[in-house]
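Accompanying notes for the structure given below.
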Amino acid sequence: MCVAAPGRVIEINGNTATIDYSGNRVKAHTGVVDVKVGDYALVHAGLIIQVLDDDEAQSMIDLFKELEDTENA
């Protein structure tokens, strides 16, 4: 099973976006979804599959942080 975490789009160059995940930056293809700098996006297999609103993204970020804290306790 794969889980996609939200990351913020910090740069777009042609059909490639740079996504920031808490300081970790990855490249993803933008061909399927209309995305702009500042959006939160979900990426699967190098492809942006969904744009999230800020509230939804923050809820997911908080959940992943809670799971990480539980695992590290």
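Coordinate-derived values only; no laboratory data. Because the structure is predicted, anything quoted here is derived from the model rather than measured. Virtual Cβ from ideal backbone geometry, glycine too; neighbours counted across all protein chains shown.
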Spin-label pair LYS27/GLN50, simplified geometry with 7 Å Cα→Cβ offset, distance in nm: 2.6 nm
query: Which value in nm describes the separation of the simple spin-label points at VAL37 and ASP69, placed 7 Å from the Cα toward the beta carbon?
result: 3.3 nm
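Can you tally the net charge around ASN72? Count Lys and Arg as +1, Asp and Glu as -1, for every other residue whose Cβ sits under 15 Å from the Cβ of ASN72.
Numbers: positive: LYS65; negative: GLU66, GLU68, ASP69, GLU71.
My count for the surroundings of ASN72 gives -3.
Near GLY46, within a Cβ-to-Cβ distance under 14 Å, what is the net charge of the other residues, with Lys and Arg +1 and Asp and Glu -1? Don't jump to the answer; show the numbers that get you there.
On the way: positive: ARG25, LYS27; negative: none.
Local charge sum for GLY46: +2.
Summing -39500 (n - 2.57) over the DSSP H runs of n ≥ 4 in the chain and dividing by its residue number, what mean residue ellipticity at 222 nm do you reach, to the nearest 500 deg cm²/dmol? Could you put the intermediate results ahead of the total?
Details: 1 runs with 19 residues, N = 73.
Calculated mean residue ellipticity at 222 nm is -9000 deg cm²/dmol.
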query: So what is the relative contact order of the chain, in percent, for Cα pairs below 8 Å that sit 6 or more residues apart?
result: 26 percent
field: Tensor-based shape of segment 1-59 (alpha-carbon gyration tensor, a/c under 1.5 rounded, otherwise prolate or oblate)
entry: rounded
- request: Could you state the angle between the C-alpha long axis of helix 54-72 and the longest principal axis of the C-alpha atoms of the chain, as a value from 0 to 90 degrees rounded to the nearest 10?
  value: 40 degrees
